[in-house]
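This report concerns only the one structure given below.
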Amino acid sequence: MLAGPAALHLLLPAPPPHRRHLAFALPPHPAPPLHARAACSRRPRRRALPQRHGVARASAAVAEEASSSGPAKFSVRIPVGDREILVETGHIGRQASASVMVTDGETILYCSVCLSDTPNDPSDFFPLSVHYQERLSAAGRTSGGFFKREGKAKDHEVLVCRLIDRPLRPTMPKGFYYETQILSWVFSYDGIHSPDCLAITAAGIAVALSEIPNKQTIAGVRIGLINGQFVINPTTEQMENSELDLMMAGTDSAILMIEGYCDFLTEEKLLEAVEAGQVAIREICKAIDVLVQNCGKKKMVDAINFPPRELYRHVEDISGDELVKALQIKEKIPRRKALSALEDKVITILSEQGYVSKDSSLGVTESLDDIVEDEDEDEVIVDGEVDEGDVHIKPVSRKPPCQLFAEVDVKLVFKEVSSKYLRRRIVEGGKRSDGRSPWELRPIHSQCGLLPRAHGSALFTRGETQSLAVVTLGGYQMAQRIDNLVDTEDSKSFYLQYSFPPSCVGEVGRIGAPSRREIGHGMLAERALEPILPPEEDFPYTIRVESTITESNGSSSMASVCGGCLALQDAGVPIKFPVAGIAMGLVLDTQEFGGDGSPLILSDITGAEDASGDMDLKVAGNESGITAFQMDIKVVGITLPVMEQALLQARDGRQHILNEMSKSSPPPSKALSRHAPLIHVMKVKPNKVNLIIGSGGKTIKSIIEETGVDAIDTGDDGTVKITARDLSSLEKSKTIIANLTMVPKVGEIYRNCEIKSIAPYGAFVEIAPGREGLCHISELSSGWLAKAEDAFKVGDRIDVKLIEINDKGQLRLSSRALLPDADSESNSKQQSSGSTKEKVPQKDDLIKMTTRPKRKKQSEPSGAENATTKTLEKSAAAPATSQGSETAT
């Protein structure tokens, strides 16, 4: 039996195994300075589980599972659309700040949130990083490449990371500088329920359960439009027939992020979709709040650290007049330099020299001890005479106290003050930095065909934003291969690549792999242009668009849409309609700056207006509908009426941009470039495809080498695509393939056929590449032959006629039937059966050939090819009138 401290130690519960709560005593240390105390604040200990049991059992939505051998697990089923998703926490990833498992069908996604032990230096950008990965093992697959382990994030994964990051960032409080990392993995995928929309909700739940003092809980859903009905989180099969692909995230009361693609959907229909999604998000957020009440951690509210309040007033006092003048500079680079110089001045005064406020410099109040001094200190004694009791007043010059502030705080406050002054100028004066009204667009100029060797090119300029778009056409080998869980296609024949070099903003920076921003902007522009492309059956080219931003001052992704549309027309791509894109901004609280309180929508925003505004809405399409849209909110949500106003104002802006694009000088050529490859599509019977390929690809390789074409692509459905640089090589390959896949008919005549081998009973004659028939010794000549070698040898060429096809598909040929002194009986049989049909290898009524689609007589190569094909069809349609007639090929 123990007594004393030892017994007391056994009775006390052991401290939790958490790295931030130390079980031993720390030596005393001096108190940290005021601005650094947030970094030293301890995170609160977790509440004991027994305190939650009663609440969890009282809730019908939350279930707690406890076992003697494992930790307690909390789960909740949340209705989403026509099914439920299962959310579980507490049993996995317990050392993370929070972790959840979200299940939809047999798709399972794991998400964790972790915080750093100490805060970073103050910054205007919340230190949040998001990583999303789709494990191929989730679908029972392994990478087909040399490296079997997942490595660099694929483009699709990067896009999902952005979908998670963008709605979470506005909910993070200012002044919270702990580095936060969100990790999300797909551990199981059933091929039916997409994991990307689950990833947004899972991240929102994990953040809500953690210590992060976020403002509101978020959730995300996907909305599809199927048979006129909006479907929440549709399956992959349903999405194949959907007219809309909308990803949306928000809180129970407002919208935070939307991104989607559609086929010229109207603004009214889009708003209906957003409204349906907001209802679903509201129900999810309510269920999440119940879960947080039962097992959520206490928020680190004490860790929020703001700059001193008086610093805002000091920055305005120093920079006020100069800041107003700097914001009136129209050009971006001079304005940026003026603001940078002013910022350096403010930092020098407040962080190095010290600042004396105007109130302190007006006068200094001194105490009686400071201004009244004894004559012992001040009186000069002369001849030993001192007047007792006399006092003398001495004027003392005292400087007011100087205040010094941290440089990082000054930078943060200067940026906020600059943003405030810019917003005030827009609301009060009705003019923006470049002098435009809120709904006015910048000057637009476009030029096409400036790169002579490119298949299509365009330079689109809007104000100080400029995009150089280049289109390259090619065959199937130029297609972009895809390898991920969600997309089942092997490759895509249209893709847009967006580049944002540092030189476009007059800076020096890193050049290398594309950033997440570049991947996201490129996908937005790609999906905006995709609906206007012709079907692949009509235009069998792989299309690559490159958009290089040569100048940037806002809305470079929408400039890529405009420039890409012009470049497609210049390359001769028969697009359905031209489209344009525009970026919209917002000042939500206008009452703060003397306005009437109604939101102020800005058209065609610049970079400064994007950074200082409350919204960035990008919309692409034409005057009749929308093809792509993306919205990011920098405040906690906007309402549907505000979004409706922004969409309608964006439609007017698109109409203006399309009118300016039609004035391009020089205009797009709308004809296929002479440097573009020729592509011919022909249809053969599916069972003939193997004849074209040959054993191990031997036949198709020999055709490419012999004719000089670039590539030959075959499909299981019998589609054959030939890509060539010139018309002659294309015609040669067409002839060879037509001969390989021909279906011979009795009565057809084959000219100039080579004898491949000779047997005692006859000769084997090749009527087409790879197709041989037997010409019996009795059919080789009109007279009697003892041996075939007596009249013919291998390599000789003769004309033959197909007279029989047996049950095994073997061909019986006759040369005697074509000789002038042929048996009269044979001639009479031929006359009774009809005229003799001569075989033309280039055309067979069982082989369908199509060339590149017509382009309104604007493409010289295409027209020449069509003319050649018509000539072949005309020749093939005319039957032979005599045995001696022959069609030239």
Where a residue in the stretch 716-738 is at positive phi and touching a residue at least 60 places away in the same chain (Cβ under 8 Å) and its partner, wherever it lies, is assigned to a strand (DSSP E or B) and aliphatic (A, V, I, L, M), with Cβ under 9 Å and at least six apart
none
Please work out which residue is farthest from Gln293 (Cα to Cα), limiting yourself to the stretch 68-81 and to residues that are in contact (Cβ under 8 Å) with a residue 40 or more places away in the chain and open to solvent by 20 Å² or more (accessible area, probe 1.4 Å).
Gly81
Could you say which residue among Glu275, Glu259, Glu211, Glu237 is of a type in the set (Asp, Glu), touching a residue at least 60 places away in the same chain (Cβ under 8 Å) and part of a helix (DSSP H, G or I)?
Glu275
Out of everything in the stretch 694-711 that is closer than 17 Å to Arg725 by Cα and assigned to a loop (DSSP other than H, G, I, E, B), what residue ends up being most open to solvent (accessible area, probe 1.4 Å)?
Asp710
Which ones in the stretch 592-647 are assigned to a strand (DSSP E or B) and under 13 Å from Ile258 (Cα atoms)?
Met615, Asp616, Leu617, Lys618, Val619, Ala628, Phe629, Gln630, Met631, Asp632, Ile633, Ile638
For the stretch 445-473, how many residues are open to solvent by 30 Å² or more (accessible area, probe 1.4 Å) and part of a strand (DSSP E or B)?
6
For Gly224, all conditions in the list (1) touching a residue at least 24 places away in the same chain (Cβ under 8 Å); (2) buried (at least 22 other Cβ atoms within 10 Å of the Cβ) hold save one; what is the number of the exception?
(1)
Quick check: anything in the stretch 799-809 surrounded by 20 or more Cβ atoms within 10 Å (Cβ to Cβ) and within 30 Å of Tyr476 (Cβ to Cβ)?
no
Tabulated pairs, the stretch 190-206, first farther than 22 Å from Gly93 by Cα, second open to solvent by less than 10 Å² (accessible area, probe 1.4 Å) and not in a loop (DSSP other than H, G, I, E, B), C-beta under 8 angstrom, 6+ apart or interchain:
Asp190/Thr107; Ile192/Thr107; His193/Asp104; His193/Thr107; Ser194/Thr107
So, of the residues in the stretch 142-168 that are more than 19 Å from the chain's Cα centre (by Cα) and touching a residue at least 40 places away in the same chain (Cβ under 8 Å), which turns out to be most open to solvent (accessible area, probe 1.4 Å)?
Gly144
The one condition Glu267 fails out of (1) of a type in the set (Asp, Glu); (2) in contact with a Lys or Arg (Cβ under 6 Å, 6 or more places away or on another chain); (3) open to solvent by less than 40 Å² (accessible area, probe 1.4 Å) is (2)
Within the stretch 743-788, of all residues that are hydroxyl-bearing (Ser, Thr, Tyr), open to solvent by less than 50 Å² (accessible area, probe 1.4 Å) and over 57 Å from the mean Cα position of the chain (by Cα), the one nearest to Lys688 (Cα to Cα) is Ser757
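The values are calculated or read from the model by the stated rules, or taken from the named source; none is laboratory data. Keep in mind that what you see is a predicted model, and the values were worked out from it rather than measured. We place every Cβ from the backbone using ideal geometry, glycine too, and count neighbours over all the protein chains shown. Accessible surface is based on the protein model in full, side chains and every heavy atom, while ligands, DNA and RNA are left aside. Shrake-Rupley method; radii C 1.70, N 1.55, O 1.52, S 1.80 Å.
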